[in-house]
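J.: Before anything else, here's the structure in question.
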Amino acid sequence: MIAPSPLYEFFKRGEVARDVRLLAAQGGFAPRAHEQLSILVLLLDDPDGEVRETADATLNKLPVEALSKFLARSDVSVNLREFFADRGVFPAETPAIDGETPLIDVAEAEDEDLLAEDEDPMSVSQKLQKMTFPQRLKAASKGTREMRAILVRDPNKMIAATVMSSPKLTEQEVESIAGMGSVSEDVLRMIAHNRAWMKSYKIMVRLVRNPKFPVALSLNLLQRVNSKDLGLIAIDRNVPEPVRIAARKKTLENRT
């Protein structure tokens with residue numbers, strides 16, 4: 001079962017402006033399928049009538065075959081299955097292999113130019129600075145790799161959470177983000193709580209060596225670190241002292 005995402009929690013806590021809620025209700029920015037469906041269902045109880053009606057209309061537009069296959073996945077909650085059963089949509093016999101791709105993605109004409117590839121990092125940064133908040137959300141979810149690398153460090157937590165919920169985010173990008181000292185602790189926690197990402201040894205070690213990663217979590221992960229990397233962590237001055245001490249201890253234990 002997939003736990004509710006940080007992005008979903010922003011909507012649940014009522015911390016999202018109306019224009020962004022309406023954009024999500026329209027399918028205008030498209031996080032992963034689990035998050036998209038959970039947010040759409042949540043918006044059916046939104047205090048704003050237009051948001052509620054739009055979310056309902058979007059749910060009715062979902063492609064039934066793709067939705068049925070998605071509902072057949074083992075990581076889909078019983079509540080979500082029951083919700084769609086009440087609307088006449090049931091799990092298919094064969095589950096969808098891909099659980100990342102959003103089930104609906106409503107793109108506007110402006111999106112193509114807004115999210116276009118740009119080889120000049122300065123131009124990408126300038127483009128992002130000129131964007132409105134909803135446009136930056138779209139860029140975080142549907143933009144280029146360069147846009148995600150910048151927006152994951154955005155001081156607005158919802159923007160960073162949207163980057164981490166992007167279906168376009170690759171494991172290589174997550175590995176890079178795990179080693180960044182310029183991202184927030186919240187982003188690092190998001191990585192640590194994702195089972196699929198944490199299967200990667202490289203991602204796990206980068207988190208342990210990141211000075212912003214919580215010490216308690218680093219100590220728990222040390223048991224997975226090999227002897228070579230334990231030795232490097234033990235002498236890395238950027239790593240918090242309790243983690244270095246624990247790494248030295250484990251290194252000595254491994255030698256005996």
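The values are calculated or read from the model by the stated rules, or taken from the named source; none is laboratory data. All figures in this text were calculated on a predicted structure; none of them were measured in a lab. Reconstructed Cβ throughout: ideal geometry from the backbone, glycine too, with neighbour counts over all protein chains shown. Accessible surface areas use protein heavy atoms only, side chains included; no ligands, DNA or RNA. Shrake-Rupley method; radii C 1.70, N 1.55, O 1.52, S 1.80 Å.
J.: If you check residue 169 against the conditions, is it surrounded by 15 or more Cβ atoms within 10 Å (Cβ to Cβ), assigned to a loop (DSSP other than H, G, I, E, B) and within 15 Å of the chain's Cα centre (by Cα)?
T.: yes
J.: Restrict the check to the stretch 114-122 and report whether at least one residue is open to solvent by less than 80 Å² (accessible area, probe 1.4 Å), modelled with pLDDT under 90, in a helix (DSSP H, G or I) and among the small types (Gly, Ala, Ser). Don't jump to the end; show me each part of the working.
T.: Looking only at the stretch 114-122, we keep the residues that are open to solvent by less than 80 Å² (accessible area, probe 1.4 Å), and these are 114-116, 118, 120.
Next, only the ones that are modelled with pLDDT under 90 stay: 114-116, 118, 120.
Among the residues that remain, those that are also in a helix (DSSP H, G or I) are: 114.
Next, only the ones that are among the small types (Gly, Ala, Ser) stay: none.
The answer is no; no qualifying residue exists.
J.: For residue 232, state whether it is in a helix (DSSP H, G or I), surrounded by 12 or more Cβ atoms within 10 Å (Cβ to Cβ) and more than 27 Å from the chain's Cα centre (by Cα).
T.: yes
J.: Still on this model: Starting from residues that are free of Cβ contacts under 8 Å to residues at least 12 places away in the same chain and part of a helix (DSSP H, G or I), keep the ones in the stretch 10-51 and report whichever is farthest from residue 170 (Cα to Cα).
T.: The extreme case among them is 49.
J.: When you look at residue 50, is it open to solvent by 80 Å² or more (accessible area, probe 1.4 Å) and at pLDDT 95 or above, yes or no?
T.: yes
J.: Condition first: acidic (Asp, Glu) and open to solvent by 80 Å² or more (accessible area, probe 1.4 Å). Can you find one or more residues in the stretch 25-41 that meet it?
T.: The answer is no; no qualifying residue exists.
J.: Let me spell it out: the conditions are (1) within 28 Å of residue 20 (Cα to Cα); (2) open to solvent by 10 Å² or more (accessible area, probe 1.4 Å); (3) in contact with an Asp or Glu (Cβ under 6 Å, 6 or more places away or on another chain), and residue 202 meets all of them except one. Which number is the exception?
T.: (1)
J.: Something else now. For residue 14, indicate whether it is closer than 22 Å to residue 132 by Cα and either of a type outside the set (Lys, Arg) or open to solvent by less than 30 Å² (accessible area, probe 1.4 Å) (or both).
T.: When the stated conditions are applied, residue 14 passes them.
J.: Ok, one more. Does the stretch 135-156 contain at least one residue that is in contact (Cβ under 8 Å) with a residue 24 or more places away in the chain, in a helix (DSSP H, G or I) and open to solvent by 70 Å² or more (accessible area, probe 1.4 Å)?
T.: yes
J.: In addition: Checking residue 7 against (1) at pLDDT 95 or above; (2) not in a loop (DSSP other than H, G, I, E, B), only one condition comes out false. Which one?
T.: (1)
J.: Here's another thing I want to ask about it. State whether the residues of the stretch 38-52 include one that is of a type in the set (Ser, Thr, Tyr) and in contact with a helix residue (DSSP H, G or I) (Cβ under 7 Å, 6 or more places away or on another chain).
T.: Yes, because at least one residue in the stretch 38-52 is of a type in the set (Ser, Thr, Tyr) and in contact with a helix residue (DSSP H, G or I) (Cβ under 7 Å, 6 or more places away or on another chain).
J.: Separate question: Only one residue in 205, 215, 243 is of a type outside the set (Gly, Ala, Ser), at pLDDT 95 or above and in contact with a Ser or Thr (Cβ under 7 Å, 6 or more places away or on another chain). Which one?
T.: Testing whether each residue is of a type outside the set (Gly, Ala, Ser), at pLDDT 95 or above and in contact with a Ser or Thr (Cβ under 7 Å, 6 or more places away or on another chain) leaves just 243.
J.: Quick check on the stretch 36-46. Is at least one of its residues of a type in the set (Val, Ile, Thr), farther than 24 Å from residue 143 by Cα and touching a Gly at 6+ places or on another chain (Cβ under 9 Å)?
T.: First, pick out the residues of the stretch 36-46 that are of a type in the set (Val, Ile, Thr): 39, 41.
Subsequent filtering for residues that are farther than 24 Å from residue 143 by Cα retains 41.
Remaining after also requiring touching a Gly at 6+ places or on another chain (Cβ under 9 Å): none.
Looking for residues that are of a type in the set (Val, Ile, Thr), farther than 24 Å from residue 143 by Cα and touching a Gly at 6+ places or on another chain (Cβ under 9 Å), one finds none in the stretch 36-46, hence no.
J.: Right, here's the next one. Report, by residue number, each residue of the stretch 57-77 that is in a helix (DSSP H, G or I) and closer than 27 Å to residue 139 by Cβ.
T.: Listed by number, the residues that qualify are 57, 58, 59, 61, 66, 67, 70.
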